Amino acid sequence: MSARFDCADPDQRVEGLAAAEAALRRGELVVLPTDTVYGVAAEAFDPVAVEALFKAKGRGRDRPPPVLVGTVRAALALIQELSDSGKDLIDEFWPGPLTLICRSSPTLVWDIGDSKGTVAVRMPLHQVALDLLKQTGPLAVSSAKSAAPGPMPATAAEAEAQLGDSVAVYLDGGPCPGEPSSIVDLTGSVPRLLRAGVITADRLRDVILVAEADDLDADGPADAGDEPADATGEGVVSAVPGKAGAGPAEPIEPAEPIEPGEVIEPGEAGEMAGPAEPEPAPRAVGEAAGDTPGPGRGAGPEPAR
């Protein structure tokens with residue numbers, strides 16, 4: 001049976017965060033609030049838990065969820081290299097409603113679906129989410145919406161009505177804005193805006209040179225994990241390294257397909273700026289996860305939404 005905690009109450013918040021962390025370590029699902037919509041989370045390095053997330057959402061492996069992190073350091077441990085443009089975007093907009101699609105570190109030992117060597121990562125601007133992420137490390141997070149027709153969950157009650165007992169713990173952080181994150185693909189030589197969300201193209205151009213995808217999704221669903229493509233993160237976009245692709249794979253977390261983002265068509269991959277300072281990748285082959293640990297595994301990290 002599911003447990004729900006009102007995070008507006010200090011005591012329930014502490015109890016809820018502890019219960020959520022314990023549930024994630026057991027491979028169970030947790031619903032949490034974000035700065036976009038409510039998301040359903042699974043331990044990113046537990047393939048059984050990620051599979052349970054797919055099942056609860058009624059979606060396939062072709063729509064991998066984005067990954068949310070609690071710190072920039074955790075995000076860097078998941079990424080192969082981060083360009084100067086990526087660093088500038090993180091400095092300006094994180095934590096916040098910006099999802100970045102990057103090439104994932106080849107040393108990661110995980111299975112979040114058919115991600116084609118990429119990862120959609122985000123650091124959400126919501127204290128409850130950040131507190132949980134700092135305790136657990138990176139989490140695979142999709143919008144807390146089932147495959148059945150219905151609105152994107154902007155409250156814990158709406159999320160529970162759709163996902164029911166498939167989720168062990170519901171953290172009620174009050175109403176979420178419901179506006180999707182913006183999604184920028186950094187896998188090519190030129191950053192590309194795949195979805196115009198809370199952060200506009202003009203605002204992004206105040207920071208870096210960014211091109212808009214021909215099939216730019218300006219009205220995608222809101223996201224939680226901000227699946228690149230889904231408003232909640234649903235519909236995460238799977239980018240084929242080398243070419244920026246179209247919109248979200250499930251309506252980004254949204255549009256259910258929430259976060260269904262269409263797979264980014266393969267193309268020429270541009271070089272990314274040199275890697276950020278060495279950061280132990282979570283679950284790196286042959287070594288324990290450093291600062292971005294997965295629940296109960298001591299990996300430390302941080303995502304996105």
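What follows is calculated from the coordinates using simple rules that are stated; it is not laboratory data. These figures come from a predicted structure and were not determined experimentally. When we count neighbours, we look across all protein chains shown, and the Cβ atoms used for this are built from the backbone with ideal geometry, even at glycine.
What FRET efficiency, computed as 1/(1 + (r/R0)^6) with R0 = 25 Å and r the Cβ-Cβ distance, is obtained for Ala8 and Gln135, rounded to the nearest 0.05?
Given R0 = 25 Å and the Cβ-Cβ separation, E is 0.80.
State the antiparallel share, in %, of DSSP beta bridges confined to the range 3-217, rounding to the nearest 5. Show your work: numbers first, answer last.
Numbers: 18 of 33 bridges.
Restricted to the range 3-217, the bridges split so that about 55 percent are antiparallel.
Relative contact order of the range 3-217: what whole-number percent is it, with Cα pairs under 8 angstrom and at least 6 residues apart?
Details: 492 pairs, mean separation 63.5, N = 215.
Across the range 3-217, relative contact order equals 30 percent.
Within 10 Å of each candidate Cβ there may be at most 14 other Cβ atoms; applying that plus a DSSP loop requirement, which trypsin sites (Lys or Arg not before Pro) in the range 1-42 survive?
In loop regions of the range 1-42 (DSSP not H, G, I, E or B), the sparsely surrounded trypsin sites (Lys or Arg not before Pro) are Arg26.
Got a sec? Which residues in the range 71-102 would a label at Arg203 touch, if it sits 7 Å along Cα→Cβ and we count backbone N under 11 Å?
Only 93-94, 96-98 pass the distance filter.
Quote the FRET efficiency, to the nearest 0.05, computed for Val190 versus Asp62 with a Förster distance R0 of 22 Å and r equal to the Cβ-Cβ distance.
Plugging the Cβ-Cβ distance into 1/(1 + (r/R0)^6) gives 0.25.
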